[in-house]
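Input: a single structure, listed below in structure tokens.
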Amino acid sequence: MKIKVQARRLCREFNVKNDRGGKDTLSVLDSFDLDILEGEFFSILGPSGCGKSTFLNILAGLDDFDRGEILVDQEPLKKRSFDRGMVFQSYALLPWRTVLENLEVGLEIRNINRRGRREIARHYLEMVGLSNFANQYPHQLSGGMRQRVAIARVLAYRPNLLLMDEPFAALDAQTRELMQIELLRIWEADKKTIIFVTHSIDEAILLSDRVAIMTARTGRIKEIIDIDIPRPRTEEIRGSIDFARIRQNAWGLLKEEVQKVNALLPGGLMTA
């Protein structure tokens, strides 16, 4: 299968102030190597601060890297490209525009005419089940509906690579589970390459073909787990023996890294 994204010896460093008034170098990613296949749903798990979102921001062109190499479709990463789309944790919708008009934002940037924009936007609104809300404004929608609009907006300008940074983290538990199944349905219909950052092991297993476990800072790939559960998937797989087996393995790998982070925190509160 074709490799969509290749990262080799990737390093990202930041200058931070120290207690003496000078600056120290904070290394977030170091010797980060990863291959992601065309058309796969790939998730990244890791403790807070390990560099998951940093890697996604670099891929999206929102951040730079200091050393190493990233290839997309065998070509060096471009700073700006319509071939990549990003869905954030916050909905980032324009409050003065209707749902339909929000979907047209990227299409306007690409200079697609009004009739073409409307046709494409309506298609993707229908895909996420929101055709009846085309003329509503973001404040008139629930959190789950707003996130569906955000996903549809990215899909509308047809990127080849979809980057998702904890897109369901702000939703309540019930809505989050519904959105996971909705995303699976959309992905099955479109089969775009998705790189999905999450703190939820269950979410990663449910959605993904493979899941990467990252080390605590400085972030590297610790292990990649194949999710050998047949598709299509529904929420019922959470109760399966295979799901429990994969979850136990993933948590064992992740727990070690979370404990390293906790050792540096007051009170030792375990978070992932």
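The values are calculated or read from the model by the stated rules, or taken from the named source; none is laboratory data. What you are looking at is a predicted structure, and each value in this text was computed from that prediction instead of being measured. Glycine gets a Cβ as well: all are built from the backbone with ideal geometry, and neighbour counts include every protein chain shown.
Within the span defined as the stretch 187-200, one or more residues are within 18 Å of the chain's Cα centre (by Cα), within 29 Å of Gln74 (Cα to Cα), among the charged types (D, E, K, R) and surrounded by 14 or more Cβ atoms within 10 Å (Cβ to Cβ). Of the residues making up the stretch 170-181, those that are among the hydrophobic types (A, V, I, L, M, F, W, C) and in a loop (DSSP other than H, G, I, E, B) are Ala170, Leu171.
For the stretch 262-271, state whether one or more residues are farther than 26 Å from Arg148 by Cα, touching a residue at least 40 places away in the same chain (Cβ under 8 Å) and over 18 Å from the mean Cα position of the chain (by Cα). Reasoning before the result, please.
Kept after step one, since they are farther than 26 Å from Arg148 by Cα, are these residues of the stretch 262-271: 262-271.
If we keep only those that are touching a residue at least 40 places away in the same chain (Cβ under 8 Å) as well, we get 271.
Next cut, over 18 Å from the mean Cα position of the chain (by Cα) only: 271.
Checked the stretch 262-271: at least one residue is farther than 26 Å from Arg148 by Cα, touching a residue at least 40 places away in the same chain (Cβ under 8 Å) and over 18 Å from the mean Cα position of the chain (by Cα).
Has the stretch 182-203 got any residue that is without any contact (Cβ under 8 Å) to a residue 12 or more places away in the chain, closer than 26 Å to Thr98 by Cα and assigned to a helix (DSSP H, G or I)? Yes. Here Gly61 meets each of (1) without any contact (Cβ under 8 Å) to a residue 24 or more places away in the chain; (2) over 17 Å from the mean Cα position of the chain (by Cα) with one exception, condition (2). When the stretch 1-44 is limited to residues that are outside any strand (DSSP E or B) and over 21 Å from the mean Cα position of the chain (by Cα), the one that is nearest to Ile201 (Cα to Cα) turns out to be Met1.
Tally the residues that are in contact with a strand residue (DSSP E or B) (Cβ under 8 Å, 6 or more places away or on another chain), of a type in the set (Gly, Ala, Ser) and at pLDDT below 95, restricting the search to the stretch 201-228.
Of the residues in that region, 1 qualify.
Identify the residue in the stretch 134-156 that is among the small types (Gly, Ala, Ser) and crowded, with 20+ Cβ neighbours inside 10 Å and, among all such residues, is farthest from Ser90 (Cα to Cα).
Narrowing the stretch 134-156 to residues among the small types (Gly, Ala, Ser): 134, 142-144, 150, 152, 156.
Checking the rest, the ones that are also crowded, with 20+ Cβ neighbours inside 10 Å come to 150, 152, 156.
Values: Ala150: 9, Ala152: 14, Ala156: 18 Å.
If we take residues in the stretch 134-156 being among the small types (Gly, Ala, Ser) and crowded, with 20+ Cβ neighbours inside 10 Å, then Ala156 is farthest from Ser90 (Cα to Cα).
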